[in-house]
Amino acid sequence: MFVLPDSWVWDFWLADDGDRYHLFFLYASKALKDPDARHYRASIGHAVSDDLVNWTRVVDALVRGDAPAFDELATWTGSVVRGDDGLWRMFYTGTALSEGSNVQSVGVATSPDLYDWTKSERNPVLAADSRWYERLADGYWHDEAFRDPWVYRDERAGAWRMLVTARSNHGRPDDRGVIATALSDDLETWELQPPLSEPGGGFGQLEVLNTAEIDGESVLFFSCLAPDLAEERRRTGTTGGIWTVIADADGRWDPRRAQLLTGDDLYVGRVIRDRVTELPLFLAFENTAPDGSFVGAIADPRSISVRDGEVVLGPPARAESCGSAVAAGR
């Protein structure tokens, strides 16, 4: 388990440089007392590991910018990819205050080595567009949801694709969560497009979208807790948690077919390949304890597979060698 004694840890993303695994994570000091206050005190930390279990913390990756800036309120969840030019790029969420609420957009920082990051002067590189996506001024949601960029190479499209948590500009207010998307040929210029899904999937928002190939299936992961579910899903009594959707024959993910993978004890599911076994491993952060309190730590990896059209989790992959964060310099 990756745990910090003085801070809560929650959303995270991963990169593999071929030698070490890199963990980027949101964290905030427990001196805040109230874990719900952590979101606007978030920084992006960084840790490295040889085995995805034992982690060494290194210098932080990013902190919020000075006002006025698109990330003046906080730096939130993102993803890391390496471009054809060999440069690493971290696409991340920036939040800024507007009319008493936060407006989210996507920025980018670059690094030659995954340690030293420089924010782009062009930030933000992508923001919500009212042609397809709900804006704060529409008044239906507590913020302008446009966050958690997930970037990957889409072979079908022949380009880099970004998935973004967003809300449609139409539909019932509690059921507007959609998969926003943009395309790029070079990771520099992005063309925002209509969403890949329609409102009415049963979710107010689909948080931390990300994808993985598991047993020959293209699987979409996202997270949503009960308060942000549409009324029909809330009525089932589910707590919400981490959800999965297996792509259809055309490579499309339909949130209406989403299946709950975990309860609310875990949140933000990510999959990474074990470099030795080449098998997929699943990580998530520990969200709620049995008494309902917030935990704020990243659990050890578990095996994951697709069986009979359903995503299935196995036991922790390395239960015998559980580790914790070790403070260190670079």
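The values are calculated or read from the model by the stated rules, or taken from the named source; none is laboratory data. All values derive from a computational prediction rather than experimental measurement. Note: ideal-geometry Cβ built from the backbone for every residue, glycine included; neighbour counts use all protein chains shown. Just so you know, the surface numbers come from the protein's heavy atoms only, side chains and all, with ligands and any DNA or RNA stripped out. Shrake-Rupley method; radii C 1.70, N 1.55, O 1.52, S 1.80 Å.
Overview of results
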| read-out | value |
| --- | --- |
| So D71, is it surrounded by 23 or more Cβ atoms within 10 Å (Cβ to Cβ), among the charged types (D, E, K, R) and touching a residue at least 12 places away in the same chain (Cβ under 8 Å) | yes |
| Residues of the stretch 28-66 satisfying the condition of being over 26 Å from L281 (Cα atoms), among the aliphatic types (A, V, I, L, M), out of contact with any Ser or Thr (no Cβ under 8 Å at 6 or more places or on another chain) and surrounded by 14 or more Cβ atoms within 10 Å (Cβ to Cβ) | L32 |
| Tally of residues being within 20 Å of I242 (Cβ to Cβ), of a type outside the set (D, E) and open to solvent by 40 Å² or more (accessible area, probe 1.4 Å) across the stretch 167-215 | 1 |
| Meets criteria (touching a helix residue (DSSP H, G or I) at 6+ places or on another chain (Cβ under 8 Å) and in contact (Cβ under 8 Å) with a residue 60 or more places away in the chain) for D51 | yes |
| Which listed residue, of R147, R156, is of a type in the set (D, E, K, R) and over 13 Å from the mean Cα position of the chain (by Cα) | R156 |
| Complete set of residues in the stretch 128-155 that are free of Cβ contacts under 8 Å to residues at least 60 places away in the same chain, in a loop (DSSP other than H, G, I, E, B) and either under 26 Å from G269 (Cα atoms) or touching an Asp or Glu at 6+ places or on another chain (Cβ under 9 Å) (or both) | A128, S130, E134, R135, Y140, H142, D143, E155 |
| Wholly enclosed strands (runs of 3 or more DSSP E) of the stretch 159-213 bearing at least 2 residues of a type in the set (S, T, Y) | 177-184 |
| Single residue of the stretch 103-144 satisfying the filter (open to solvent by 60 Å² or more (accessible area, probe 1.4 Å) and under 20 Å from the mean Cα position of the chain (by Cα)) that is nearest to E207 (Cα to Cα) | H142 |
| Failed item, numbered, when A226 is tested on (1) over 23 Å from F285 (Cα atoms); (2) open to solvent by less than 30 Å² (accessible area, probe 1.4 Å); (3) without any contact (Cβ under 8 Å) to a residue 40 or more places away in the chain | (1) |
| Index of the failed condition, Y40 passing every other in (1) more than 26 Å from R153 (Cβ to Cβ); (2) assigned to a strand (DSSP E or B); (3) aromatic (F, W, Y) | (2) |
| Identity of the residue in the stretch 256-266, touching an Asp or Glu at 6+ places or on another chain (Cβ under 8 Å) and not in a loop (DSSP other than H, G, I, E, B), that ends up nearest to T236 (Cα to Cα) | Q259 |
| Odd one out for G18, checked against (1) surrounded by 17 or more Cβ atoms within 10 Å (Cβ to Cβ); (2) of a type outside the set (K, R); (3) closer than 30 Å to P315 by Cβ | (1) |
| Residue within the stretch 267-290 that is open to solvent by 20 Å² or more (accessible area, probe 1.4 Å), assigned to a loop (DSSP other than H, G, I, E, B), in contact (Cβ under 8 Å) with a residue 24 or more places away in the chain and of a type in the set (D, E) present | no |
| Cβ pairs under 7 Å, 6+ apart, first in the stretch 231-255 and part of a strand (DSSP E or B), second open to solvent by less than 90 Å² (accessible area, probe 1.4 Å) and among the charged types (D, E, K, R) | G240/D264; G241/D264; V245/D254; I246/E217 |
| Check on D85, under 15 Å from F24 (Cβ atoms), more than 16 Å from the chain's Cα centre (by Cα) and modelled with pLDDT of 95 or more | no |
| Count of the stretch 106-121 residues which are in contact (Cβ under 8 Å) with a residue 12 or more places away in the chain, of a type outside the set (G, A, S) and assigned to a loop (DSSP other than H, G, I, E, B) | 5 |
